[in-house]
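This report concerns only the one structure given below.
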Amino acid sequence: MAKESEKPPVFQYLFDRRYDWNQQTFTPLTVTQEEIQDAIGQLRDEGNTLSTGNPANFMKDFLRGINRNAQWPEAIANARYTARQAYGEGRVFDFVPYQPGQTVPFPDDFALPAEPVLHAIETLSMPAIARKVGRPDDPWLMQVCVQQRILHTHFAVYSEIQVIDFHHLQSTLKGTPSLDALFLLTFDAGDRLQKALVTFEAARTAPILPDQIKAQAAAMAGRCQRTDGLGDIDFILPVAANTTTVGSSSVIAMFEMERIAVEEGREALREDRTHELPLLITRMVGYTLNPKVAGIFGK
């Protein structure tokens, strides 16, 4: 039997520091790495054995769990509070109230419809041994998407954008937040050509995190301002992928989102409100692999 998570008591401890249960009032205060370490230390006497190492990923690792809604403390959920990641200067996350109509702590909008569009991708161009030894992790999903040009297919066939050029620039960009891959897209805007940097997030079996995608877009918009040669980039266009099943088929679910103007992303980054950036899914397509590739689907 899997060990029950020890993080919920830490969340409850940190929330209780901010919430007056008698007055039902909340004092906003970002949770820091240092505070997480302190909370874990305070809970040692109650038998909590969590490590105080790597507090920066405390929230991200929790959000990546498929049981995150079930593990979120019931008292916090009943008070209609959830949490979102925070970035930079030792910040980890914020407790935030539910949005109107929200019914679960962490909704998942990244799911294919009941009858999705499906498209077959060939993998014969991969060495047969590569198809057999693939790893069951996010980097392998990213690598297959890049190597088999799944995003190229998506923008050529299914995107509403009139794409002129699409190029893979780099994989595994380290930073806060990190980025799985980056592409350059040139498209016909009617009266002129415009450019967008396409950010790509691959989450094989874990939930896709909207706030992380927003932070990636804002960070890349800021980089466009600071980096020579990126001054002609007009938009940041987020794309994310995960894996799922449709009937008896295993598919890579690709989610294209509405492009974000670079200036809008820069302002959100500068004013520390990246969580307010719009994240509208515009196209969802499921891609099957033929022949199948080990490590992409299942455990």
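What follows is calculated from the coordinates using simple rules that are stated; it is not laboratory data. Since the model is a prediction, treat every value here as computed from it, not as a measurement. Note: ideal-geometry Cβ built from the backbone for every residue, glycine included; neighbour counts use all protein chains shown.
Odds and ends about this structure:
- Packing, as the average of other Cβ atoms within 10 Å across residues, places the peptides 225-236, 26-37, 206-217 in the order 206-217, 26-37, 225-236, highest first.
- About its Cα centre, the stretch 117-290 has a charge dipole of approximately 660 debye under the convention of +1 per Lys or Arg Cβ and -1 per Asp or Glu Cβ, with nothing else charged.
- The stretch 169-245 and the stretch 251-299 have their alpha-carbon centroids 8 Å apart.
- Added length on full extension, which subtracts the Cα-Cα distance from 0.36 nm per residue, Asp232 to Lys60: 58.6 nm
- Helix-only [θ]222 nm of the chain, DSSP H runs n ≥ 4, -39500 (n - 2.57) each, per residue, nearest 500: -7500 deg cm²/dmol
- The GNM of the chain, with springs linking C-alpha atoms under 10 angstrom apart, assigns the highest mean-square fluctuation among Arg17, Arg266, Arg131 to Arg17.
- Normalised by the number of residues in the chain, the average gap of Cα pairs under 8 Å and 6 or more apart makes the relative contact order 17 percent.
- Cut-off 15 Å (backbone N to label point 7 Å along Cα→Cβ of Ala77), residues of the stretch 240-283: none
- Close amide H contacts of Val246 (hydrogens built in the peptide plane, cut-off under 5 Å, sequence separation of 5 or more or a different chain): Val251.
- Subtracting the Cα-Cα distance of Val133 and Ala111 from 0.36 nm times their residue separation leaves 5.2 nm of extension gain.
- Of the GluC sites (Glu not before Pro) found in the stretch 217-299, the ones in coil according to DSSP and having at most 15 other Cβ atoms within 10 Å of their Cβ are Glu258, Glu271.
- The stretch 103-172: C-alpha gyration tensor shape, a/c 1.5 cut-off, then a/b vs b/c: oblate
- Counting every pair of alpha carbons in the stretch 117-290, the share spaced more than 27 Å apart comes to 24 percent.
- Value in Å of the Kirkwood radius, where the chain supplies the Cα pairs that are averaged: 20.8 Å
- Classification of the stretch 7-97 by its C-alpha gyration tensor yields a rounded form. The axis ratio a/c (a ≥ b ≥ c) stays under 1.5.
- Cross-link table Lys60/Lys174; Lys7/Lys60; Lys214/Lys292, entries beyond 22 Å C-alpha to C-alpha: Lys214/Lys292
- Full extension of the segment from Asp188 to Glu6, taken as 0.36 nm per residue of separation minus the current Cα-Cα distance, would add 60.4 nm.
- Shape category assigned to the stretch 52-197 from the gyration tensor of Cα positions, a/c cut at 1.5: prolate
- For the stretch 61-123, diffusion coefficient by Stokes-Einstein and Kirkwood Rh (Cα), 20 °C, 1.002 mPa s, µm²/s: 150 µm²/s
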